[in-house]
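In what follows, a structure is listed as structure tokens, so that the remarks can point back to it.
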Amino acid sequence: MLSAQKNKDAGHSVHKIGGTSMTQVDAVMDNILVGNRKEDELYNRVFVVSAYGGFTDLLLENKKTGEPGVYQLYAGSETDWAWGDALTKVSEKMCAINEEIFGDAPELKLANAFVQERIEGTRSCLMDLHRLCSFGHFKLEKHLLTVREMLSAIGEAHSAHNTMLLLRAKGVNAVFADLSGWREPEASTLDGRIGKVFDDIDLSKQLAIATGYAQCSEGLMSIYGRGYSEVTFSRIACLTQAREAIIHKEFHLSSADPRIVGEDAVRPIGRTSYDVADQLSNMGMEAIHPRAAKGLRQNDIPLRIANTFEPEHPGTVIDDHWEPENSRVEIVTGVPTAFEIEVFNQDMVGVAGGEEAILNVLKRYKVPTVTKNLNANTITHYVSAPLKQIRRCVDEIEANQPEATVQTRKVAIVSVIGANIEQPGLFARAVSILDDAGVELVASHYPSRRVDLQFVVAEGDFNKAIVALHRGLVEGKKEESASSKQTKDDSTEKQEKLKAA
């Protein structure tokens with residue numbers, strides 16, 4: 001059993017530090033882990049850490065470009081040298097990071113020895129598996145997901161172990177909470193793995209540094225993809241009955257993307273609801289993985305999004321009890337590149353379940369729907385996925401429904417979100433703002449839960465729509481309409497001509 005009650009009595013918190021923040025080692029140490037804390041102030045905290053920035057890409061594949069890492073090379077190569085060289089490169093980079101962090105301190109040898117043991121142990125395992133699968137009775141494909149999880153775990157074990165060493169060097173009683181299952185003889189459930197590791201940790205006297213990856217029989221990656229570390233973080237918070245869960249990011253959870261509307265225009269949200277967090281996930285702007293949020297929400301644990309580089313700022317608190325008295329728009333965000341899949345089929349009219357065949361195709365190719373609309377004979381899904389997957393979906397829909405006409409085009413989706421946006425005329429104001437800004441509106445939705453407005457716009461109008469809606473609904477500034485601008489320009493031009501005459 002976890003020592004949940006004694007930890008609960010102490011009022012501990014569980015923290016998650018992302019890879020980009022982890023790379024800023026000094027800032028994390030000064031702003032989050034230690035800072036001015038002394039003695040008891042250092043404890044009653046658990047830290048779940050990601051790999052240093054870029055290492056998961058090297059171990060698996062580049063998330064943005066698709067460039068193969070060790071896993072992709074291993075899965076697609078019939079020889080050892082390609083993935084073996086890539087694994088050596090990871091080892092070298094990890095040791096280089098160790099040298100940057102520890103310099104000539106004695107902890108450097110411990111850090112490098114840890115890397116060597118994990119890398120070479122993994123190499124030996126992968127070579128053995130490769131040889132085993134050279135026999136016809138064994139198929140590599142059946143083991144690839146396990147390989148992917150094993151490789152991913154290396155990065156987070158590296159950063160967690162380093163963090164523990166750094167803290168101990170500063171006199172902090174830190175413990176390495178290794179959830180990766182390294183050389184564990186038996187499989188375990190996620191809850192069982194966390195319980196086994198944390199059962200002997202007294203959070204009132206020890207500072208636990210846990211790996212974001214947790215090896216378990218469920219297979220975190222097969223369910224959650226690369227968002228598994230937030231699920232681990234959430235589950236630790238729930239099982240240990242934490243008073244608060246905190247995610248440290250390199251930015252605030254703000255009213256819009258500062259790169260679009262300007263740093264001076266955005267503002268931290270301050271407080272919002274888990275409903276808003278779900279809508280953000282739907283738009284690809286995750287405050288937290290939706291499955292992780294579900295656990296915290298069900299256990300009534302508030303989530304705080306904090307800025308790593310502004311430790312004194314309270315950040316944004318998300319909980320299930322927040323409903324502001326006054327309606328307000330909190331965030332304007334969206335999906336800059338999405339696709340419209342429009343299926344027109346005269347045979348749908350009056351037929352129950354006419355959409356089911358389309359949904360089955362989208363599910364098969366793992367294409368998520370962001371929003372949709374329908375009428376008597378047309379169903380339109382607005383989806384976010386690579387073009388290759390979209391084409392496969394369209395081909396199959398056309399093959400299954402030869403009588404239907406299927407059309408696609410690129411669009412963008414903009415959403416206005418808030419814990420309470422139920423105010424008279426808001427939808428009309430938003431439409432008017434977009435029209436005044438010259439934004440081409442393709443479709444719009446105002447769901448009955450009154451948490452978000454959704455606008456499908458022309459792809460090239462995404463930034464323009466974000467700026468206009470943020471100015472009008474968050475900053476409270478009136479956007480001058482395109483027609484008014486033109487009238488003013490015409491008037492100015494006329495006056496200049498009269499002066500010249």
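The values are calculated or read from the model by the stated rules, or taken from the named source; none is laboratory data. Just so it is clear, the model here is predicted, and its values are computed rather than measured. All Cβ positions, even for glycine, are placed from backbone atoms using ideal geometry, and neighbour counts span all protein chains on display. Note: areas computed on protein heavy atoms with side chains; ligands, DNA, RNA excluded. Shrake-Rupley method; radii C 1.70, N 1.55, O 1.52, S 1.80 Å.
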Take the Cα atoms of the stretch 65-208, build their convex hull, and give its volume per residue in Å³.
137 Å³
Quick one: compute a quarter of the convex hull surface over the Cα atoms of the stretch 124-204 and quote it in nm².
6.9 nm²
Shape call for the stretch 285-329 from the C-alpha gyration tensor, a ≥ b ≥ c root eigenvalues: rounded (a/c under 1.5), prolate (a/b greater than b/c) or oblate?
oblate
Would you kindly find the accessible area of residue 138, with a 1.4 Å probe and non-protein molecules such as ligands, DNA and RNA excluded, rounding to the nearest 10 Å²?
90 Å²
Tell me which of 25, 48, 351 sits at the most positive position along the dipole axis of the chain, charges placed on C-beta atoms (Lys, Arg +1; Asp, Glu -1).
351
By per-residue mean of other Cβ atoms within 10 Å, what is the highest-first order of 204-216, 112-124, 403-415?
204-216, 403-415, 112-124
Unit charges at the beta carbon, dipole of the chain: most positive-side option, 417, 458, 155
417
Positive-end residue of 368, 309, 337, charge dipole of the stretch 263-379 with Cβ unit charges
368
Rounded to 5, the percent of DSSP beta bridges in the stretch 189-345 classed as antiparallel
35 percent
Rounded to the nearest whole number, the per residue volume of the convex hull around the C-alpha atoms of the stretch 161-236 in Å³ is 96 Å³
Roll a 1.4 Å probe over the protein chains and send me the accessible area per residue for the chain in Å².
49 Å²
Mean residue ellipticity (222 nm) of the chain, computed from DSSP H runs ≥ 4 via -39,500 (n - 2.57), nearest 500:
-13000 deg cm²/dmol
Long pairs among 196/294; 109/196; 249/410; 89/109; 366/464; 388/410, criterion Cα-Cα beyond 21 Å
196/294; 109/196; 249/410; 366/464
Using the reciprocal of the averaged 1/r over all distinct C-alpha pairs, how large is the Kirkwood radius of the chain in Å?
25.5 Å
DSSP bridge orientation in the chain - percent antiparallel, rounded to nearest 5
60 percent
Give, rounded to the nearest 20 debye, the magnitude of the charge dipole that the chain has about its Cα centre when Lys and Arg contribute +1 at Cβ and Asp and Glu contribute -1 at Cβ.
120 debye
Once each part is reduced to its C-alpha centroid, what is the distance from the stretch 376-397 to the stretch 150-191 in angstrom?
42 Å
Spatial separation of Cα centroids for the stretch 431-455 and the stretch 323-361, in angstrom
14 Å
Sulfur and carbon atoms: percent of accessible area, the stretch 126-268 [1.4 Å]
50 percent
What value does the stretch 232-301 have for Rg/Rh, both radii from Cα atoms and Rh as Kirkwood defines it?
1.01
Taking all protein chains in place and a 1.4 Å probe, what share, in percent, of the accessible surface of the stretch 366-454 do carbon and sulfur account for?
46 percent
In straight Cα distance, which aspartates and glutamates are under 18 Å from residue 139, not counting same-chain residues fewer than 8 positions off?
78, 80, 128, 149
